[in-house]
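The values are calculated or read from the model by the stated rules, or taken from the named source; none is laboratory data. Because the structure is predicted, anything quoted here is derived from the model rather than measured. Neighbour counts run over all protein chains shown; Cβ positions are idealised from the backbone, glycine included.
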Amino acid sequence: MPAFTKIVLFTDTDGRARFREESVPLDEGTPQSALSAVMPSGGYQLRTSPVGFRSSFHCTGAPQWVFILGGQMEISLQDGSARVFGPGEHFYSADVLPAGATFDAGVHGHWSRQVGPDPLVTLFVRG
């Protein structure tokens, strides 16, 4: 059965952001047009960030899909690891602040930045 690889940015049990991969079955539709089950969504936003954009460490406010439409986005974690996503790539951002925690920029979240010569264009779909 075909599957879609869902890259997930999540908050681990130690409060730190990490990446993992999950498989989403594409078991609906036809062999020529395999589909996943319908997933809920709560709206979407488009964003553009200029060349040179870089955020500070932050947590995701609410889980959301992030699709890169143009340019490149780097996501860096507290452990120094980073991933770069380009046009047509995605991740599911769910690194929310743990319940009861106070944000600590030395422990929680991730930072993002635009990389390369082109502005960053993204689509955020609330999960």
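See the values below:
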| item | result |
| --- | --- |
| Segment 1-45: number of residues that are farther than 18 Å from GLY127 by Cα and either among the acidic types (Asp, Glu) or loosely packed, with under 10 Cβ neighbours inside 10 Å (or both) | 10 |
| Among the candidates GLU21, GLU74, residue that is of a type in the set (Asp, Glu), in contact with a strand residue (DSSP E or B) (Cβ under 9 Å, 6 or more places away or on another chain) and free of Cβ contacts under 8 Å to residues at least 24 places away in the same chain | GLU21 |
| Condition met for LEU69 (farther than 24 Å from ARG16 by Cα and touching a residue at least 12 places away in the same chain (Cβ under 8 Å)) | yes |
| Number of the condition not met by THR48 [criteria: (1) loosely packed, with under 10 Cβ neighbours inside 10 Å; (2) part of a strand (DSSP E or B); (3) hydroxyl-bearing (Ser, Thr, Tyr)] | (1) |
| Filter result for VAL84 (free of Cβ contacts under 8 Å to residues at least 60 places away in the same chain and within 30 Å of MET1 (Cα to Cα)) | yes |
| Given (1) of a type in the set (A, V, I, L, M, F, W, C); (2) part of a loop (DSSP other than H, G, I, E, B); (3) at pLDDT 95 or above, number of the condition ILE7 does not satisfy | (2) |
| Residue count for segment 13-38, restricted to those that are assigned to a strand (DSSP E or B) and among the hydrophobic types (A, V, I, L, M, F, W, C) | 5 |
| Sole residue being touching a Pro at 6+ places or on another chain (Cβ under 7 Å) and not aliphatic (A, V, I, L, M), chosen from GLY106, GLY71, GLY42 | GLY71 |
| Test result for VAL121, in a strand (DSSP E or B), at pLDDT 95 or above, surrounded by 17 or more Cβ atoms within 10 Å (Cβ to Cβ) and out of contact with any helix residue (DSSP H, G or I) (no Cβ under 9 Å at 6 or more places or on another chain) | yes |
| Residue satisfying condition, being under 17 Å from the mean Cα position of the chain (by Cα) and within 14 Å of SER93 (Cα to Cα), within set SER41, SER81, SER49, SER56 | SER41 |
